[in-house]
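The structure under discussion appears below in the form of structure tokens.
What follows is calculated from the coordinates using simple rules that are stated; it is not laboratory data. Treat the numbers as computed from the prediction; the structure is a model and nothing was measured. All Cβ positions, glycine included, derive from the backbone under ideal geometry; neighbour counts span all protein chains shown.
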Amino acid sequence: MKNKIRIFLFVICIAFEIFISCNLVSAQSISPDELKKDIYFLSSDSLNGRQTGSAGEYLAADYVIRKYKSIGLKPMGDNGGFLQSFETNIGIKYSGENYMSVNRAMLKPDSDYYALNFSASGNVTGELQIAQYGIYAPQIEMNDYEKINKEDGTIFLIESSSPDGESPHSKYYPYLDFQSKIQSAIKNGATAVILINTHADAEDPAKIFSKYLTPVSIPVVFVNKSAYEKYFTGKKILIQLSVGLEKISITGHNVIAYKDNGAKTTVVIGAHYDHLGHNEYGGSLHKGEGNGIHNGADDNASGTAGVIALATALSNQKNASNNYLFINFSGEELGLIGSKYFAEHSTVDTSTLNYMINMDMIGRYNSEKGMEIGGIGTSPQFDFLRTMKDDSLKWKLGESGTGPTDFTSFYHINVPVLNFFTGTHEDYHKPTDDADKLNYKKEAEILELELRIIDSLNRKGKLTFTRTKESESTGAPTYKVKLGIIPDYMYEGFGLRVDGVSDGLVAANAGIQKGDIIIKMGDFTISDIHVYMKALGSITKGDTVIIIVKRGEEEKKLSANF
Ligand SMILES: [Zn+2]
């Protein structure tokens, strides 16, 4: 009898494309108790916060793999296994010889001086040359290298600020970032640069060993004011400098499992399973004593359990018109590294990917706020979601294909995406994001909703991909103008790499393309994203700005009308 009703409902559903209560895949197939078991394990202290590349990451991956094996999924990682490994640089450390002597007096590393994170390793000996502020800007008739004679030595001493400090209103402002100064010094023959700051109103450069940058070609160190005043005396100053730096890399692992239904297209269902560990590499919002274990029950044991639950439900599905690829990403908290690696080194043909469903924090449903379903602007076939309703869940829709989690990596390879998110909360990125605070019943309902959506989409063939506007990220500085690019936040080289270009905006009109590296905007030398943001802040509507990009080996000069 039950079956007859279901067949009848099925016909009605097909005929009228009714999506609610057409729960054909598996009514009440998601068990809140199973979710609870998975999440309690994944967010337990014994996994130490699942930091990328850690033993806790390994234990979590092992748990997920055992689940996939038990439901008969095929491994789709490297070399016939479930894991896909990737390397990422998380900073630098001293390695080898590090010393500095000034007129034969030894300076102490880290207390008297330190290397900057883009310094090359190497050693140099010679006489110090004073290159003032290290500004080379013919446009404003400023050249601090004019009086320098390279025969007298090529180790340059440079003030970190400008003749009138670090004010954004200073005419020197576009020339102040360190990397631009170093590039000018190198062009003028420097073999090493020693930075100092004797201006009371300017800030010392920070020692940032937690971020790896591609090194410039010469050693660059900063000497603090007291050491400078103590040792850098006399007319001739002899320097012996040795800098030894090494990048710190870790290896993270995505877990990838496949359900082959013999279909032409494949749906990706994913969520990251890494979290912040003991805050070894930053990202914690915890204030106060110690670095407790960041258990990440909501972020994102909830999504990880969600992928396992959907895999279990969909592995029993008959006559599906898609194959399913279940991916648990690592490296998300370090900057979407695992998903980006997968998108660039996919273990299936990416042209067969139909759409991607992502879950990041789906465990704290709150009936007042509801949740968010993001990415619906990425395909017209998602339009039915605009009118879809549910008795028990409410949500608001997000159009954008980009946001601070893994679906962005798939949007960038032109795959339609949907993202599920129950919202941020007071325990976000804190050691208190624990399993006892989750709403398991609602998470199960969210997953059942996802199953209904997947079921509806199974009847729509291959979806059409559409571009969306960039997401309005909250908390970012506001600018008077917009260039219309998606910056590559993980790029480690000189310049700003463009990860995507929005249609119809300034960058697209100027001819900027995905993959271009912006190295100059107006007077600003764009050494990194921070200088790019400064440059953007100086532009007003109606300005025409010359932008120089590197495209492969070529440099292109483009004109951007804001
Ligand atoms: Zn997350």
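Given 20 °C and 1.002 mPa s, how large is the Stokes-Einstein diffusion coefficient of region 335-462 in µm²/s, with Rh as the Kirkwood radius over Cα pairs? Please report the intermediate quantities before stating the final value.
Values: Rh = 15.6 Å.
In µm²/s, the coefficient is 137.
Could you state the angle between the C-alpha long axis of helix 55-70 and the longest principal axis of the C-alpha atoms of the chain, as a value from 0 to 90 degrees rounded to the nearest 10?
Result, in degrees: 20.
First select every other residue whose beta carbon is under 11 angstrom from the beta carbon of GLY282; then total the charges, Lys and Arg +1, Asp and Glu -1. The partial results should precede the final answer.
Numbers: positive: LYS211; negative: GLU280, GLU333.
Once all neighbours under 11 Å are counted, the net charge is -1.
Order 359-365, 496-502, 205-211 from most to least packed using the mean count of other Cβ atoms within 10 Å. List each step's numbers first, then the result.
Values: 359-365: 26.3, 496-502: 21.3, 205-211: 13.9.
So the order, starting with the most tightly packed, is 359-365, 496-502, 205-211.
Across region 292-301, in residue order, what do the Karplus-derived ³J(HN,Hα) couplings come to in whole Hz, using 6.51 cos²θ - 1.76 cosθ + 1.60 with θ = phi - 60° and x for Gly and Pro?
With the stated coefficients, region 292-301 comes to x, 6, 8, 6, x, 5, 6, 10, 9, 4 Hz.
Under the definition of Cα pairs under 8 Å and six or more residues apart, what whole-number percent is the relative contact order of the chain? Present the calculation step by step, with values, prior to reporting the outcome.
Details: 1195 pairs, mean separation 91.4, N = 562.
Over the chain, the number comes to 16 percent.
Pairs LYS287/LYS437; LYS150/LYS181; LYS171/LYS534; LYS264/LYS469: which exceed 25 Å Cα-Cα? The partial results should precede the final answer.
Working: LYS287/LYS437 20 Å; LYS150/LYS181 17 Å; LYS171/LYS534 13 Å; LYS264/LYS469 30 Å.
Where the Cα-Cα span goes over 25 Å, the pairs concerned are LYS264/LYS469.
Run the helix sum for the chain: -39,500 (n - 2.57) per DSSP H stretch of 4+ residues, divided by residue count, reported at 222 nm to the nearest 500 deg cm²/dmol.
Values: 11 runs with 116 residues, N = 562.
Helix-only estimate at 222 nm: -6000 deg cm²/dmol.
Restricting to lysine pairs 8 or more places apart or on different chains, what number in region 30-123 have Cα atoms under 18 Å apart? All intermediate terms of the calculation are to be shown ahead of the outcome.
On the way: LYS36/LYS67; LYS37/LYS67; LYS37/LYS69; LYS93/LYS108.
Lysine pairs meeting the criterion: 4.
How much net charge surrounds ILE218 when only other residues with a Cβ under 15 Å from its Cβ are counted (Lys, Arg +1; Asp, Glu -1)?
On the way: positive: LYS150, LYS181, LYS187; negative: none.
Residues close to ILE218 contribute a combined charge of +3.
Based on the mean of other beta carbon atoms within 10 Å per residue, what is the order of 480-486, 189-195, 392-398, most packed first? Intermediate values should be presented prior to the final figure.
On the way: 480-486: 19.3, 189-195: 23.1, 392-398: 15.4.
Ranking, from highest mean packing down: 189-195, 480-486, 392-398.
Compute the Rg/Rh shape ratio of the chain: radius of gyration over Kirkwood radius, all on alpha-carbon atoms. If you can, show how the numbers build up before the last one.
Details: Rg = 27.3 Å, Rh = 26.2 Å.
Dividing the radius of gyration by the Kirkwood radius yields 1.04.
Within a 10 angstrom radius of the beta carbon, how do GLU344, GLU159, GLU151 rank from fewest other beta carbons to most? Mind showing how you got there, number by number?
Values: GLU344 12, GLU159 20, GLU151 8.
Ranked by crowding around the Cβ, least crowded first: GLU151, GLU344, GLU159.
What's the long-distance tail for region 210-251, i.e. % of Cα pairs beyond 17 Å? Don't skip to the answer; put the middle values down first.
Values: 446 of 861 pairs.
Counting every Cα pair in region 210-251, those more than 17 Å apart make up 52 percent.
With an 8 Å cut-off on Cα pairs and a minimum separation of 6 or more residues, tell me the relative contact order of region 450-562 in percent.
Values: 180 pairs, mean separation 25.1, N = 113.
Result for region 450-562 is 22 percent.
Would you mind giving the three semi-axes, in whole Å and largest first, of the ellipsoid equivalent to region 211-317 according to its Cα gyration tensor? Working shown, then result.
Details: eigenvalues 541, 87, 15 Å².
Square roots of five times the eigenvalues give 52, 21, 9 Å.
Go through 45-57, 421-433 and give me the packing order, highest mean Cβ count within 10 Å leading. Don't jump to the answer; show the numbers that get you there.
Working: 45-57: 21.6, 421-433: 18.4.
By packing density, highest mean first, the sequence is 45-57, 421-433.
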